[in-house]
Amino acid sequence: MMNDVQRILWDMQGPLNEEISKMNSHVPSPYRQASLDRLNKVADLIKEVWKVSEAVQAVVDAGKSVVESEADARRQQVTHWKNPTIDILEQAIKEVE
C-alpha cells in the first residue's frame with residue numbers, strides 16, 4: 001500500500017514521463033538536452049524519495065508495533081490492578097502449592 005508521499009510521487013511521474021518523452025522525440029539541441037537532463041534528474045530524485053519514503057514507513061510501522069505492544073502490556077497491568085479477584089486467585093494458588 002502506498003503512503004501519502006508515494007501517492008504524490010506516483011501522480012508526478014505521469015506528467016514527468018510525458019515531458020521526457022516529448023523532449024526525446026524532438027531533434028536534439030543544447031537547450032533540449034539541458035531540459036532533458038533536468039527532467040531526468042527530477043525522475044532520479046523521485047526514485048530516491050520513493051526509497052526514503054519506504055524506509056520511513058518501515059520505521060513508522062515498527063514504532064506503531066512497539067507502541068501497540070506497550071499499550072497492550074499497560075492495559076494488562078491496569079486490568080490486573082483494577083481486578084482484586086486476580087489477587088485473590090493468585091493468593092489461593094500460592095496457598096495450595
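The values are calculated or read from the model by the stated rules, or taken from the named source; none is laboratory data. Predicted model only: the values in this text are computed from it and were never measured. Cβ placement follows ideal geometry from the backbone for every residue including glycine, while neighbour counts extend to all protein chains displayed. Side chains included, ligands, DNA and RNA excluded: accessible areas come from the protein's heavy atoms. Shrake-Rupley method; radii C 1.70, N 1.55, O 1.52, S 1.80 Å.
Taking residues in region 30-47 that are open to solvent by less than 90 Å² (accessible area, probe 1.4 Å), and partners anywhere that are outside any helix (DSSP H, G or I), the pairs with Cβ atoms closer than 7 Å and at least 6 places apart or on different chains are Arg32/His26. Residues that are open to solvent by 70 Å² or more (accessible area, probe 1.4 Å) and outside any helix (DSSP H, G or I) do not occur anywhere in region 48-61.
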